[in-house]
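**Q** Next up is a structure, given as structure tokens.
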Amino acid sequence: MYRHPNGTKRAKTNLEGNDMRSELVIDDEDAHTLAAELVELTGESLRSAVVHALREQIVREMARKARQDRIMAITRDIARGSRMAA
């Protein structure tokens, strides 16, 4: 059982990934409030809302990393060019 910060008990949530299964326990009132708000807004189950939110965050982080990598490549190209001109 999962115990919410307000003391109520909930069923365990298992994460499936690769070959391991682990329990996700979020023992934080703010996280619970945000998740409940997301469920209310989307009409999704708690599991679906959390999975969807995590997938969206992963996409944003991958895009951020790709932008950062492009900026670093441009910076390296500029640095090489300025060394050649000198």
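The values are calculated or read from the model by the stated rules, or taken from the named source; none is laboratory data. Note that the structure is predicted; figures quoted are calculated from it, not measured. Positions of Cβ are generated from backbone atoms using ideal geometry, with glycine treated the same way; all protein chains shown enter the neighbour counts.
**Q** Can you tell me which residue in region 30-86 is modelled with the lowest pLDDT, limited to those that are hydroxyl-bearing (S, T, Y) and in a helix (DSSP H, G or I)?
**A** Once the filter is applied, the top-ranked residue is S82.
**Q** Restricting to region 30-46, give me the number of residues that are surrounded by 12 or more Cβ atoms within 10 Å (Cβ to Cβ) and polar (S, T, N, Q).
**A** Summing the residues that are surrounded by 12 or more Cβ atoms within 10 Å (Cβ to Cβ) and polar (S, T, N, Q) in region 30-46 gives 1.
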